[in-house]
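Below you'll find the structure, written out as structure tokens, and then a few comments.
Only the coordinates and a few stated rules stand behind these numbers; no lab work does. Fair warning: this is a prediction, and the values are worked out from it, not measured in the lab. Counting neighbours? That spans all protein chains shown, and the Cβs are built from the backbone with ideal geometry, glycine included.
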Amino acid sequence: MCDSGNHVTKACPYQKGAKPTAILCGYAVERLGFYYIPFEGKQQVKSDNRLAVVKVTKGSMTAAQVVVELDRLLPSYKGSWIVEEKGQNMFTTMFPSSDELHRMVLWGPVVAKNVEATMEIEETMDKNIYRYEIPKAWVQFRGLPKELMEFPVI
């Protein structure tokens with residue numbers, strides 16, 4: 001049903017959605033009945049990437065200063081910014097929505113008001129995420145101490 005490589009089949013959001021159905025048509029006249037199965041092709045899952053990289057291109061900034069600038073740029077966001085430093089003058093953060101992130105990417109270089117610095121916001125895809133469904137397996141151990149034999153199942 002889904003062509004997305006972003007999740008395993010068990011976690012597909014389309015599994016919970018509308019199921020394909022066969023609609024009986026033309027059955028009023030003998031031997032003219034048929035089944036109509038609506039088909040819209042395989043559905044793609046829209047990715048909602050909100051992870052951004054903030055690069056300071058001119059000057060230098062701390063994570064706290066980046067938070068102040070993000071608050072200034074997006075005053076409607078009522079949450080708290082979680083900014084992680086990933087290197088010298090490079091930070092990562094989650095935006096409130098992918099639309100806000102896209103708008104800031106299109107904005108281009110942003111001149112900071114509180115510090116003499118310029119920063120650029122870029123969309124990022126975490127390439128180190130691997131999704132794989134691990135099959136169930138039984139494992140047998142021998143020689144375990146008594147206290148580990150009655151360990152609760154997690």
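In order along region 69-80, the Karplus-derived 3J(HN,Hα) couplings, from 6.51 cos²θ - 1.76 cosθ + 1.60 at θ = phi - 60°, round to 5, 5, 4, 5, 6, 10, x, 6, 6, 8, x, 9 Hz, and Gly and Pro are given as x. Net charge of the neighbourhood of LYS78, taken over other residues with C-beta under 14 Å away and scored Lys/Arg +1, Asp/Glu -1, is -2.
As a footprinting exposure proxy, order PHE34, PHE141 by other Cβ within 10 Å, with the fewest listed first. Exposure proxy ranking, most exposed first: PHE141, PHE34. Inter-label distance, MET149 to ALA137: 2.5 nm, where each label sits 7 Å from its Cα along the C-beta direction.
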